[in-house]
Amino acid sequence: MTYIDPHIHMVSRTTDDYQRMAQAGCLAITEPAFWAGFDRSSPKGFYDYFRQLTESEPNRAAQFGIRHFTWLCINPKEAEDPGFAREVMSLIPDFLDRPNVLGVGEIGLNKNSRNELEIFEAHVEFAAQRDQLILVHTPHLEDKRKGTRLIMDAIKRNGRIDPGRVLIDHIEEHTVKMVLDAGFWAGMTLYPDTKCTPQRAADIFEMYGTERIWINSAGDWGVSDPLAVPKCQVELRRRGHTEDLVRRVSLENPQTFLSQSPKFRVNER
Amino acid sequence: MAPATPSCPASRSKVIELYFLEHRAKVLDLAAFLDRLDRAADDIGHEDFRVAALKQSIALLLDGHGQRAKRVLDHFSDPSETPIESAAGMKGAFGVYPGGKAGVI
Ligand SMILES: [Zn+2]
């Protein structure tokens, strides 16, 4: 069955990952801008990263019939220095009209600090002014519940953002309800050790339904799995869920959210 | 306790058939991890806050209430509500909130 992986960092993956994903039914991926595992030494490092996300990755994906889309921002792990962060943000307008850019992301919080929050709010305002979709990273582990609340409060405070145009990612059992109840989209990340397993993602669908929710691998430079979405499809089938449900969560839901950008398109096989 | 409307399409016996061995292995991993800690030289002098929280979370599994995964995550979470002053030099996370609620579930 075909699928979309709406959150994966292909710049950190090899070309044979694209090949294996295509073989597993991947039609499209979206790649948010994030931390590279080390801090860039200057805003120029981000300029090149944005070129990679908008120029070279779409070509690499196209070799395997996979459409590549992206989101731009300065990620929260490099946002503790507001001056540096704002310099990086000033590069984004030049890239925003490129054909594979869907919006602003993955913005959010990492350690829930004042400066991270200031830069998060600046991105939310940037997206509001330009009517961009937003993809949100929530903090890991013990920082997630607090960070998710701070993030939702900040978006509400802005007052100009439709929650139906915001996806809050990396939700788990303790944050899914607050995100969905507030009208946002929710993302479940199938990432070994620190986030959800395919089994727990299936449990969350059973407990909270399949509306406004998607699954992704967030595959990156860490221990992660670019085939996590098809593995979750298998998990859902294994316990008796219908093909309709499998298709909804792994293909139609991402399509519905992402199609709010006129640039998003997949060629159905 | 049987649910009014089951939300898992597999029956209870099917769930056991599908997942029992996987979780049997996970309990053994946990047991071996605690044994390994006992065998290791003590360079801390007191129980590590993460291990303490992990042991406390095991009690949550057996208290007869549902929402176990959510309650374990809540137990590990930072309970504060305001941003911290600075994240300079901080990148990662511990897995368990280091301040506060030690000893309290
Ligand atoms: Zn990511």
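The values are calculated or read from the model by the stated rules, or taken from the named source; none is laboratory data. Note that the structure is predicted; figures quoted are calculated from it, not measured. Note that we place each Cβ from the backbone using ideal geometry, even for glycine, and neighbour counts take in every protein chain shown.
A:Lys77 - would you say it is of a type in the set (Lys, Arg) and either at pLDDT below 95 or within 19 Å of A:Glu116 (Cβ to Cβ) (or both)? Against the criterion (of a type in the set (Lys, Arg) and either at pLDDT below 95 or within 19 Å of A:Glu116 (Cβ to Cβ) (or both)), A:Lys77 qualifies. Looking at the range A:197-228, which of the residues that are crowded, with 22+ Cβ neighbours inside 10 Å and within 13 Å of the ligand (Cβ to nearest atom) is farthest from the other protein chains (Cβ to nearest Cβ)? By that ranking, first place goes to A:Pro226. Beta carbons closer than 7 Å, at least 6 apart along the sequence or on distinct chains, pair a first residue in the range A:247-265 that is outside any helix (DSSP H, G or I) with a second that is exposed (fewer than 15 other Cβ atoms within 10 Å of the Cβ) for A:Lys263/A:Pro99.
Scanning the range B:17-60 for residues that are part of a helix (DSSP H, G or I) and away from every other protein chain (no Cβ under 12 Å) yields a count of 26.
Report, by residue number, each residue of the range A:130-149 that is in a helix (DSSP H, G or I) and either under 24 Å from A:Pro6 (Cα atoms) or touching a strand residue (DSSP E or B) at 6+ places or on another chain (Cβ under 8 Å) (or both). If the condition is that a residue be in a helix (DSSP H, G or I) and either under 24 Å from A:Pro6 (Cα atoms) or touching a strand residue (DSSP E or B) at 6+ places or on another chain (Cβ under 8 Å) (or both), then A:Arg130, A:Leu141, A:Asp143, A:Lys144, A:Arg145, A:Gly147, A:Thr148, A:Arg149 are the ones that fit. Picking from residues in the range A:229-256 that are more than 16 Å from the ligand (Cβ to nearest atom) and closer than 28 Å to A:Trp35 by Cβ, the one that is surrounded by the fewest Cβ atoms within 10 Å (Cβ to Cβ) is A:Lys231. Within the range A:8-36, the only residue that satisfies the criterion of being more than 10 Å from the ligand (Cβ to nearest atom) and within 14 Å of chain B (Cβ to nearest Cβ) is A:Ala36. The set of residues from the range A:148-174 being within 16 Å of the ligand (Cβ to nearest atom) and over 13 Å from the mean Cα position of the chain (by Cα) comprises A:Thr148, A:Ile151, A:Glu172. In this structure, A:Tyr49 qualifies as away from chain B (no Cβ under 14 Å), buried (at least 16 other Cβ atoms within 10 Å of the Cβ), within 15 Å of the ligand (Cβ to nearest atom) and assigned to a helix (DSSP H, G or I).
Between B:Leu18, B:Leu28, the distinction of being surrounded by 10 or more Cβ atoms within 10 Å (Cβ to Cβ), under 16 Å from the mean Cα position of the chain (by Cα) and among the aliphatic types (A, V, I, L, M) belongs to B:Leu28 only.
The set of residues in the range A:171-195 being modelled with pLDDT of 95 or more and within 12 Å of chain B (Cβ to nearest Cβ) consists of A:Ile171, A:Glu172, A:Glu173, A:His174, A:Thr175, A:Val176, A:Lys177, A:Met178. Is there any pair linking a residue in the range B:77-91 that is under 16 Å from A:Thr175 (Cβ atoms) and more than 7 Å from every other protein chain (Cβ to nearest Cβ) to one that is part of a loop (DSSP other than H, G, I, E, B) and not aliphatic (A, V, I, L, M), with Cβ under 8 Å and at least six apart or on different chains, and which? These pairs meet every condition: B:Pro79/B:Tyr97; B:Pro79/B:Gly100; B:Pro79/B:Lys101.
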